[in-house]
1. For the chain, would you read off the P(r) tail past 23 Å as a percentage of all alpha carbon pairs?
2. Rounded to the nearest 10 Å², what accessible area does His162 show when all protein chains are kept and the probe is 1.4 Å?
3. What FRET efficiency would be calculated for the residue pair Tyr102, Ile32, taking the C-beta separation as r and a Förster radius of 41 Å, to the nearest 0.05?
4. Computed from the mean reciprocal separation of all distinct C-alpha pairs, what Kirkwood hydrodynamic radius does region 36-117 have, in Å?
5. Whenever you get a sec, compute what percent of the accessible area on the chain sits on carbon and sulfur atoms (1.4 Å probe).
6. Quick one: if the Förster radius is 25 Å, what FRET efficiency do Glu205 and Asn154 give, using the C-beta to C-beta distance and rounding to 0.05?
7. Calculate, in nm to one decimal, what Lys215 and Asn70 gain on full extension: separation in residues at 0.36 nm each, minus their alpha carbon distance.
8. Normalised by the number of residues in the chain, what is the relative contact order in percent for Cα pairs under 8 Å and 6+ residues apart?
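The values are calculated or read from the model by the stated rules, or taken from the named source; none is laboratory data. Predicted model, so just to flag it, every value in this text is computed and none were measured. Virtual Cβ from ideal backbone geometry, glycine too; neighbours counted across all protein chains shown. The area values use the complete protein model at the heavy-atom level, side chains included, leaving out ligands, DNA and RNA. Shrake-Rupley method; radii C 1.70, N 1.55, O 1.52, S 1.80 Å.
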Amino acid sequence: MRRKLLLGNWKMNKTIAEAKEFALASKELADIANQHHIDLGVAPTYLGLEAVRTNASKSMIVAAQNVHYNPNGAFTGEISIPMLKEIGIDWVIIGHSERRAYDNETNQKCNQKIVALIKEDMVPVYCVGETLQQFEAGETKKVVEEQIRVGLSNLNAADVEHLVVAYEPVWSIGTGKNASQEIAQDVCGFIRGVLKDMFGDVAAEIRILYGGSVKPENIKSYLSCPDVDGALVGGASLKIDSYRQLLNNIL
Ligand code: 13P
């Protein structure tokens, strides 16, 4: 049985003080989510990670938004896996489309990070999704399949058991143009098929999220799709009231 997962991606938002305020206010939500067998989490900036980890409920998932694949070295501006582990962080978003677009994050680079994370028993949330141009050219499945096959190469079935995949069509992120329920199911079902082809039966255990303009009003329709196990939410996860509504609407 795949547990539902609601993960907020805060992107470059919230100071440490704001992150702490949210974490304290989220305590009761994590308990409610737990009672309903839902996993709840947020991905603050690097600076906000410790404040959320120490002030939120223990059951709250706290994810970093990126990591370097080397444990240390001359990589100015980067953060490593041991540094995250030291502050109790074991989930990391990899390959978000904003990083692919602005920071040259390729499928190969994502793969290096995912392999490094899994070796350290960490949970990658691997983001895939097509641009508007690719969507309009009917290339969604071709693009997503390549992202999955390259991003998850050099791994075996046991490695990917705890992996999370997030399908986020780039044209739906921050635009208010959310994908239809049909598109979300079609692509998430397709992704599960590729995972099955690569890794076999464990594909049925891997959680696949939809992301892109998810709001309290539409979250339920996505989670009613058989292959959508949760949501990766940007803007609507920033305010505690909206985050609470997202959870309430999938209980
Ligand atoms: P929005 O929910 O703001 O569209 O962002 C989605 C996203 O990129 C989550 O990672």
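1. Percent of Cα pairs beyond 23 Å in the chain: 46.
2. Number for this one is 130 Å².
3. That gives a FRET efficiency of 0.70.
4. 13.5 Å
5. About 51 percent, which is the carbon plus sulfur part of the accessible surface.
6. Efficiency, from the Cβ-Cβ distance: 0.80.
7. Result: 48.6 nm gained on full extension.
8. About 19 percent, as a whole number.
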